[in-house]
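The structure appears right after this line, and notes come after that.
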Amino acid sequence: MAKKNQTLGEFIIENQAEFPFSSGELSRLINSIRLAAKVVNHEVNKAGLVDITGAAGETNVQGEDQQKLDVYANEKFIQTLTNREIVCGIASEENDNFITISGQKDDHQNKYVVLMDPLDGSSNIDVNVSVGTIFSIYRRVTPLGTPVQLEDFLQPGSKQVAAGYVVYGTSTMLVYTTGHGVNGFTLNPALGSWYLSHPDMQFPEQGSIYSVNEGNYVHFPKGVKDYIKYCQQEEGDRPYISRYIGSLVSDFHRNMIKGGIYFYPTTSKAPKGKLRLLYECNPMAFIAEQAGGKASDGFNRVLDIEPTELHQRIPFFCGNREMVEKVEEFMSR
Ligand code: AHM
Ligand code: MG
């Protein structure tokens, strides 16, 4: 039973039985993620000092080379995940190909693959707006003792054993699921500890927020245009509220707490959609379903899509169940 204010470490130990991992594995994996998240959080918080410490590609006053934050976040997550004897491969939005981790004994005995977007919404950093990290975890399908293969990463989202995100917002939060509901932990930066602040997160019954880049309106499919008009109509609880941060993690997080839908449809510039199935859509879809919501590509359940390539993009509609069903209804007309 989740208790508010318990630490993430206590929570993991108490709920070990529910996890699809053998004893200790989940703790090691989540441990590396929470550690990397703290390091990245520290760096994200300093982003406003870039004029003082130097921009990417420059050398700062201490003579250190400055890195772009998304590159930095990518390296930190890869480093911490590699150091634990649990992950056999990592695929990242920042890397063209997946990374193979053979383990300290070089025997390829690690069981899990991690897919991640280390710093999503990174265009928001320069303007002091929230960004996030998204991660997704699968059990490998190829035999232990052999190097990880592409097919270990190209699994449908329904096979995820855990997924989560970190939102570097006014507070920094780690939200994750292992298929037994969704729990949110807030970082106490003074102590460096994560506390369970949002136990058993659920979308509210009714949603009233829609989040989409409406600047792309003319390029949207007819069904999406009609749904947006529906959101704006004066009837019942409508018009809905329009809120768009342009950081998937932040938009999703707000919508899960307040009730709403996020969507990034196809546009003429992005005919397959913009968001990546493996790094962004699948983990968010898993969390959404675990929180009583729904995720669709406009016609089908996101978690059922059979991936064909690592950096595959899809149109994405995610949030309150009823709202996602409504947009699907408009799409199929
Ligand atoms: P990124 O992975 O390059 O940061 O792109 C993903 C981001 C999402 O966080 C956000 O919802 C979307 O792109 C915003 O795109 P746009 O500026 O086209 O509205
Ligand atoms: Mg991204």
- [ ] Read through the list (1) under 21 Å from residue 269 (Cβ atoms); (2) surrounded by 21 or more Cβ atoms within 10 Å (Cβ to Cβ), then give the number of the only condition that residue 194 fails.
- [x] (1)
- [ ] Go through the range 292-302 residue by residue and tally those that are surrounded by 21 or more Cβ atoms within 10 Å (Cβ to Cβ) and on the phi < 0 side of the Ramachandran plot.
- [x] 6
Open item on the list: Out of the residues in the range 131-153 meeting the condition of being buried (at least 20 other Cβ atoms within 10 Å of the Cβ) and hydrophobic (A, V, I, L, M, F, W, C), tell me which one is farthest from ligand 2 (Cβ to nearest atom).
Closed with: 148
Task: Matching residues in the range 99-130 - criterion: being in a loop (DSSP other than H, G, I, E, B) and crowded, with 19+ Cβ neighbours inside 10 Å - done: 101, 108, 110, 121, 130
Open item on the list: Quick check on the range 259-271. Is at least one of its residues in a helix (DSSP H, G or I), among the hydroxyl-bearing types (Ser, Thr, Tyr), within 13 Å of ligand 2 (Cβ to nearest atom) and assigned by TED's automatic domain parsing to the domain that holds residue 215?
Closed with: no
Open item on the list: Just to verify a result, which residue in the range 245-279, among those that are more than 8 Å from ligand 1 (Cβ to nearest atom) and of a type in the set (Phe, Trp, Tyr), is farthest from residue 135 (Cα to Cα)?
Closed with: 263
Task: Residue list for the range 270-308, filter: more than 11 Å from the chain's Cα centre (by Cα) and of a type in the set (D, E, K, R) - done: 272, 274, 289, 294, 297, 301, 304, 306
Open item on the list: What pairs come out if I take residues in the range 204-217 that are within 16 Å of ligand 2 (Cβ to nearest atom) and pair them with residues that are part of a loop (DSSP other than H, G, I, E, B) and of a type in the set (S, T, N, Q) whose C-beta lies under 9 Å away, six or more apart or interchain?
Closed with: 213/267
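The values are calculated or read from the model by the stated rules, or taken from the named source; none is laboratory data. Treat the numbers as computed from the prediction; the structure is a model and nothing was measured. In this analysis, Cβ positions are derived from the backbone assuming ideal geometry, glycine residues included, and neighbour counts consider all displayed protein chains.
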